[in-house]
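Any read-out appearing in this document is the output of simple, stated calculations on the displayed coordinates, not a laboratory observation. Fair warning: this is a prediction, and the values are worked out from it, not measured in the lab. Glycine also receives a Cβ, built like all others from the backbone with ideal geometry; neighbour counts cover every protein chain displayed.
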Amino acid sequence: MPKLRSIFLSDIHLGTRACQAHSLLEFLRDYDAEHLFLVGDIIDFWAMRRGIYWSTSQNTVVQKILKRARHGVQVVLVPGNHDEALREHVGVSFGHIQLRSDYVHKAADGRRYLLMHGDEFDQITKYHRWLAVLGDRVYELVVRLNALLSWLRRRLGIAGYWSLSGYAKRKVKHAVHYIFDFEDGVARYARERGVDGVICGHIHSAAVKDIDGIRYINCGDWVDSCTAIVEHSDGHMELVDWGVRVPAWDSPSEKVVPLPMPPPKPAVAVLEDRRPHRRPEPRRMAGVDQ
C-alpha cells in the first residue's frame with residue numbers, strides 16, 4: 001500500500017484486557033504515514049490502578065510507535081481522560097513524541113483540523129468523576145461478559161466477532177442522544193476556534209460527517225470496533241474499519257508480560273537476623289599493625 005500522509009488513532013486503552021493490540025499491530029503493518037496522531041486514551045491509567053494487564057502485543061505496539069518516531073515520523077500525542085496524568089507534561093517531547101493539549105493539523109487540501117480527545121464535552125467525566133469511574137468499572141464487566149459470549153458463539157459454530165457494548169450503544173436511546181449531543185458540542189467548539197474540522201475520540205463511535213459546515217471526524221477505538229482515520233496525499237480523510245480479527249482473549253500473541261518482582265530475602269539472611277546481636281570484632285588489614 002502506498003504511504004499515507006497521516007494516521008489518526010484514539011482510545012487504544014493499552015494496559016487493559018480489552019485492548020485489541022493484536023489487530024492494531026496488523027493495521028500498523030499495512031499502513032504507514034508521514035504523521036501519526038494519537039488522540040487520547042492511548043494508555044488506560046484508570047484501569048491500571050486496579051490491576052495491570054500488559055501483553056506482549058501491547059508492548060510491541062509501544063515499540064513500533066517509538067520506532068516510527070525515531071525514523072522521522074511526526075508523532076503527536078494528545079492525552080485523554082484515561083491518560084490525563086500526561087497532561088501535566090504537555091509542551092514537552094519524550095522519545096521524539098510531542099505531547100500537546102490539542103493540536104491544529106493542516107491537511108494536504110488546506111483544511112485545518114483541531115485535534116482533541118473530547119472528554120471536555122462529556123458532562124459526566126467533567127463534573128461527576130465518580131460516576132465516570134463507576135461507568136468504567138461497568139464497562140470492564142461488559143468486556144468480560146463479551147469474552148464469555150465470544151466463547152459460546154465459537155462453541156455454537158457462529159463465525160465473526162460480536163460486541164456487546166457496541167450493540168448496547170446502538171440500541172439504547174439515551175446513549176444515542178448522548179453521542180449526538182457530544183458531536184454537536186465538539187463541532188460548535190471547533191467553529192469557535194475558527195478551524196474547518198475537528199478530529200477527536202472519547203465516545204468510541206467512529207464517524208466522518210459534516211455538522212453545520214464543520215467536518216466532524218471521530219477516530220473510534222481499538223476496543224470494540226478497531227477503527228482509524230487516514231489522510232491520503234490529496235487531503236481526503238477516510239475511515240478505516242479494520243474490525244476485530246482475533247479477540248484479545250483468543251489471540252496467541254496475547255501473553256501477559258510478567259512484571260519485575262523484588263528478589264526474595266535469602267533464608268540464610270533471615271536466620272542471621274534472628275541471632276542475638278554481638279559486637280563485631282575489630283577488622284585487621286593486611287600490612288597494618290593493630
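For the reader, a short list of remarks on this structure follows.
- Separation of the alpha carbons by more than 22 angstrom is noted, of K3/K67; K64/K106; K3/K106; K3/K64, for K64/K106.
- With R₀ fixed at 51 Å, the C-beta to C-beta distance from D212 to E84 puts the FRET efficiency at about 0.95.
- Whole-Hz couplings from phi, Karplus 6.51/-1.76/1.60, listed for region 85-100; x for Gly and Pro: 4, 6, 5, 6, 10, 4, x, 10, 10, 9, x, 6, 10, 7, 10, 10
- Estimated from the Cβ-Cβ distance and a Förster radius of 30 angstrom, the FRET efficiency linking H236 and V92 is about 0.40.
- Residues Q74 and R49, FRET efficiency given R0 of 41 Å [Cβ-Cβ distance, rounded to 0.05]: 0.85
- Loop-resident trypsin sites (Lys or Arg not before Pro) (DSSP state other than H, G, I, E or B) in region 46-113 with no more than 15 further Cβ atoms inside 10 Å of their Cβ: R111.
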